[in-house]
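Asks: Below you will find the structure I want to go over with you.
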Amino acid sequence: MSRTDRQPPAATGAAPTRPGWPEIVVGLVAFLLATAVVPFFGPLGLKLEPVPFGLILTAWSGVVGLVLTFVLLSVLTPIGEEFLFRGVIANALLRYGPVIGVLASAVIFALCHGTNLALPTALVVGIIAAEIMRRSGSIWPAVVVHAVNNLGLPLFVLITGATGPA
């Protein structure tokens, strides 16, 4: 049976299909690319947490920075993080049951975002994304949830006109 012929876990009652090497490689490449490229489009040398850095990066970089921030923050980062946190970690933890799999992967996801303003949001998004992934058997709905959440940061800057630190 090929990967495309499998039914989602919600229909069969089985555990989600584990991602294969192609998905893991794509996720890691997307995550590394997003991480490696961001410092070149903003205020170099500032020691900031991810949330304020993203705001400053967007505000100081003009239209090109805004477009790159949308692509990196709302496309590449969700793909990379979802392949890692839901595709690998949540699937590994789901063998201990749905509560452990969903909550533990969400806590790990939130802690990897740091103990800052992003932690509560990351925990909620992590729980929702893990449960959606568990029920659907696919990480793509979780990627969409993550991407929509991450759209908030550049949209906030675009709408409010924030221009960097006061």
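Asks: Over the heavy atoms of GLU81, what accessible area does a 1.4 Å probe trace out, to the nearest 10 Å²?
Replies: Accessible area, nearest 10 Å²: 20 Å².
Asks: Mind ranking 123-130, 90-97 by how tightly packed they are, going by the mean number of other C-beta atoms within 10 angstrom, highest first? Before the final figure, lay out the partial values.
Replies: Numbers: 123-130: 21.9, 90-97: 17.0.
Most protected by this proxy first, the peptides run 123-130, 90-97.
Asks: Follow-up. How far apart, in nm, are the 7 Å Cα→Cβ label points at ARG95 and THR115?
Replies: 3.1
The values are calculated or read from the model by the stated rules, or taken from the named source; none is laboratory data. If you're wondering where the values come from, they're calculated on a predicted model, not measured in any experiment. Every residue, glycine among them, receives a Cβ derived from its backbone with ideal geometry; neighbour counts consider all protein chains shown. Ligands, DNA and RNA are excluded from the accessible area calculation, which covers all protein heavy atoms including side chains. Shrake-Rupley method; radii C 1.70, N 1.55, O 1.52, S 1.80 Å.
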